[in-house]
1. Of the residues in region A:126-151, how many are among the charged types (D, E, K, R), surrounded by fewer than 21 Cβ atoms within 10 Å (Cβ to Cβ) and assigned to a helix (DSSP H, G or I)?
2. When the residues of region B:78-93 are narrowed to those that are in a helix (DSSP H, G or I) and buried (at least 18 other Cβ atoms within 10 Å of the Cβ), which ends up farthest from the other protein chains (Cβ to nearest Cβ)?
3. Among the residues of region B:94-119, how many are surrounded by fewer than 22 Cβ atoms within 10 Å (Cβ to Cβ) and assigned to a helix (DSSP H, G or I)?
4. Return the residues of region A:96-118 that are part of a helix (DSSP H, G or I) and within 26 Å of A:M178 (Cα to Cα); say none if nothing qualifies.
5. Inside region B:106-116, can you point out the residues that are more than 7 Å from chain A (Cβ to nearest Cβ) and closer than 20 Å to A:P114 by Cα?
6. Does region B:55-73 include one or more residues that are within 14 Å of another protein chain (Cβ to nearest Cβ), of a type in the set (G, A, S) and in contact with a helix residue (DSSP H, G or I) (Cβ under 6 Å, 6 or more places away or on another chain)?
7. Taking region A:149-177 as the search range and keeping residues that are under 10 Å from the mean Cα position of the chain (by Cα) and more than 17 Å from A:L196 (Cβ to Cβ), which one is nearest to the other protein chains (Cβ to nearest Cβ)?
8. Look through region A:110-148, keep the residues that are aliphatic (A, V, I, L, M) and over 24 Å from A:A174 (Cβ atoms), and return whichever of them is nearest to the other protein chains (Cβ to nearest Cβ).
Amino acid sequence: MHIQQVPPKKQLSRRGFIGRGTTATLSVAGLSVLSGGALAMASRKGAKEEPSTDAGLINTALSLEHEGIAAYQIAAESGVLNDAVLQVGILFQSHHKGHRDELIKAVRELGGTPVEAKAISEYAEALGADKLKSQADILQLAISLELGAANAYLGVIPSLSDHEFGHLFARLAADEAMHWTALKGAVGEALPKNALYFG
Amino acid sequence: MMLAILCAVLLVGAIAEDEQQNFESKVSPEIEGDAGRGESLYQRRCGACHSIDQNRIGPKHQNTFGSKAGAVEGFAYSKALKELDVVWNEVTLDEWLQNPSAMAPGTRMGFRLTDEQERADIIAYLRQVSEAAAAQVE
């Protein structure tokens, strides 16, 4: 799946987008360090204790990532994003593709069958894409989905029998929180006043 | 010696009974939910996978309250949910949200909502949504 380039609209600069979310900038750098093969799951012990349960839960997460990839694709093809937002959307979609690949690997390790993505038209209908008329609409949807995804990953961790998968889910949640923070900065919304906002 | 054993047995029994009461209190919330807060929480806690009017990662929630588990048309449920003989109400939803895997081993939903007030608020919202949907049908 490739994102189509659309004509840029200079409503929001890339520098402004990232600059308002300094945490996100740092986190992107951290992500590139962390992704260097840290997910060596093959040799861990205990992975087979309750394979069917963990595989099912990981497959649900995979469904979530399929939807996230589709959401950014729909956004990119909408034609309403300026170039800066589009470029960040492409970056975030690439993160979700990385998540998808890790989750597929995990399901296969447990002897499961990774769930496949649906047609993009099904995601468009489920996400109410026909109601997305502006860049602001798309950013609000992305903010909502990224927040939900971060919370979903954190909320599933206690149900996983294998701590290595718990670690993976925590890393996925951190990526989603990074996306959410950058998107909140892009629309100029304040960050939460209270600690422990996610989860 | 016999007295000591008897005391130990009674103590263990008392602890077990106390734990049972604690469990029951967890699945019978006394806390009153606020549907307004629940709507906002629903987006934050459930919105990654669920919508009110669309089947997504999980089933839509338009008519959840008062309906049987695993009964949303057009959603491909796990075997665990199809076989779960439960009608969703305040008590069953509270138990479900605390630990879905404990209620229906093998379910694909592993999300746990640990905050009692948040569970009550979301359940109040789901009830409000379901009642509104039912009123529209009538």
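The values are calculated or read from the model by the stated rules, or taken from the named source; none is laboratory data. Computed from a prediction, not measured in an experiment: that's the story for all the values here. Cβ sites come from the backbone with ideal geometry, for glycine too, and all protein chains shown count toward neighbours.
1. 3
2. B:E90
3. Of the residues in region B:94-119, 8 are surrounded by fewer than 22 Cβ atoms within 10 Å (Cβ to Cβ) and assigned to a helix (DSSP H, G or I).
4. Within region A:96-118, the first condition is being part of a helix (DSSP H, G or I), and the residues that meet it are A:96-109.
A:H96, A:K97, A:G98, A:H99, A:R100, A:D101, A:E102, A:L103, A:I104, A:K105, A:A106, A:V107, listed by residue number.
5. Quick first cut of region B:106-116, residues more than 7 Å from chain A (Cβ to nearest Cβ) only: B:107, B:114-116.
B:T107 - this is the single residue of region B:106-116 that is more than 7 Å from chain A (Cβ to nearest Cβ) and closer than 20 Å to A:P114 by Cα.
6. If we filter region B:55-73 for residues that are within 14 Å of another protein chain (Cβ to nearest Cβ), which is where we start, we get B:55-62, B:72.
Checking which are of a type in the set (G, A, S) leaves us with B:58.
Restricting the remaining residues to those that are in contact with a helix residue (DSSP H, G or I) (Cβ under 6 Å, 6 or more places away or on another chain) gives none.
Within region B:55-73 (the criterion being within 14 Å of another protein chain (Cβ to nearest Cβ), of a type in the set (G, A, S) and in contact with a helix residue (DSSP H, G or I) (Cβ under 6 Å, 6 or more places away or on another chain)), the answer is no, since none of the residues qualifies.
7. Residue satisfying both the conditions and the ranking: A:A149.
8. A:A126
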